[in-house]
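Trainee: Quick one: the structure is below, and I'll ask about it shortly.
Only the coordinates and a few stated rules stand behind these numbers; no lab work does. Note that the structure is predicted; figures quoted are calculated from it, not measured. Don't worry about glycine lacking a Cβ; one is built from the backbone with ideal geometry, like all the others, and counts go over all protein chains shown.
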Ligand SMILES: [Zn+2]
């Protein structure tokens, strides 16, 4: 039995500690930088017995602990592992209500006739702004405790002009990565006239939502929006300055993945049912395949084949898809464990996909890595190696989090 690793101890901080002071985190057993030019030359850019120097909100130095430059403050990591904060590039956190009964029925093999997304739409419309904001804040704090320092989140449970716009306004108070998903499903108000709903999503609703969002998304799936509708929606969003990402090929084969590549979407999300042509398209373009194993876990569905995508040279991200219906987890470590256990990923690949992969899916170069110039978003594990994220599933290993250079956990 090994002795427990001691808690990290701040050593002699300056009394006039300010944002601009420099801090060295030393005695890191294994540091994931995601910069192949650093450390062992692998994609993870792993450095043993390492240190990171933070100044303001940026990383200014990474390397071997013994070579760390003088700094104002020092934090002893106590022989633990440090990696970039997780980048959760796909979540649905502006919602109200609960779908416990639906999940319980599904997992008990019973039929359940309630309306899925429609249940959450009704609850979300009925909620006040303050209730939605409080719910969002609650789940963000939960994600932060598990090491997530950047998250994307979407509208999609309002499905009216006003309810979609307010969801995005509320989300934008907490993240820059806001996605307009008026095209989550056809609004129940337009069940008899889907074309009129697409006209609304690409017209008045888009006008009201575009100022609050960076991205536009569509659920391209049988029962939601077909390829032509998805193309019209994403093209209209692009014309308003939004960049596309797509819910694609989750429940069945379909046109979503190839449409994503054709429109240079930042990400095709789910990618569970793929033809060889879909895989080839992803390998040839700049669209990241974002895999969301929490959804397959929570619906007992077939796993996406990460191994097939990685072997084809596709950039793969891992994300939670956190939402109250099909994947109610905010835990990136849980998704890493699933990726390794059930989707053919190595522990190194899964950790890369949950950090640098998520950054690629958001077309960001300032996060998901720990090299000079990167944002100082770090996760400290109560473990000597990042491999423990998959090796010790379900264990709360995150023991410290820095976001923009400030220790927040
Ligand atoms: Zn989703």
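Trainee: By how many degrees, 0 to 90 and rounded to 10, does the Cα axis of helix 117-126 deviate from the longest principal axis of the chain?
Mentor: Long axis of 117-126 versus the principal axis of the chain: about 80 degrees.
Trainee: Angle, helix 227-239 long axis vs. longest principal axis of the chain, Cα atoms, 0 to 90°, nearest 10?
Mentor: 60
Trainee: While we're on this one: Please pull out the direction-averaged projected area of region 232-356, using the convex hull of its alpha-carbon atoms, in nm² to one decimal place.
Mentor: 7.4
Trainee: Still on this structure, please answer the following. Within region 327-356, which residues have the backbone N less than 15 Å from the label spot 7 Å out from residue 392 along Cα→beta-carbon, could you tell me?
Mentor: 333-334, 337
Trainee: If you don't mind, another one. Run the quick spin-label model on residue 118 and residue 37: label points 7 Å from Cα toward the beta carbon, then report their separation in nm to one decimal.
Mentor: 5.5
Trainee: Right, something else. Could you let me know the centre-to-centre spacing of region 332-409 and region 80-145, using Cα atoms, in angstrom?
Mentor: If you average the Cα positions of each part, the centres end up 22 Å apart.
Trainee: What's the FRET efficiency of residue 228 with residue 284 using the Cβ-Cβ distance as r and R₀ = 22 Å, to the nearest 0.05?
Mentor: The computed FRET efficiency comes out at 0.45.
Trainee: Separation between the residue 238 and residue 162 pseudo-spin-labels, each 7 Å from Cα along Cα→Cβ, expressed in nm?
Mentor: For residue 238 paired with residue 162, the spin-label model returns 3.4 nm.
Trainee: To the nearest 10 degrees, how steeply does helix 129-145 sit against the main Cα axis of the chain, on a 0 to 90 scale?
Mentor: Around 40 degrees separate the two axes.
Trainee: Multiply the residue gap between residue 277 and residue 192 by 0.36 nm, knock off their C-alpha separation, and tell me the result in nm, one decimal place. Intermediate results must be reported in sequence, preceding the final value.
Mentor: Details: separation 85, 0.36 × 85 = 30.60 nm, distance 3.41 nm.
Gain on extension, residue 277 to residue 192, equals 27.2 nm.
Trainee: Same structure again: Take 20, 187, 298 and order them by how many other Cβ atoms sit within 10 Å, fewest up front.
Mentor: Starting with the residue having the fewest Cβ neighbours, the order is 20, 298, 187.
Trainee: By how many nm would the segment from residue 172 to residue 363 lengthen if fully extended, with 0.36 nm per residue of separation less the alpha-carbon distance?
Mentor: Separation in residues times 0.36 nm, less the Cα-Cα distance, equals 67.0 nm.
Trainee: Kindly provide the Kirkwood hydrodynamic radius of the chain in Å, to one decimal, from all pairs of distinct alpha carbon atoms. Please report the intermediate quantities before stating the final value.
Mentor: Details: mean 1/r = 0.0462 Å⁻¹.
The Cα-based Kirkwood calculation yields 21.7 Å.
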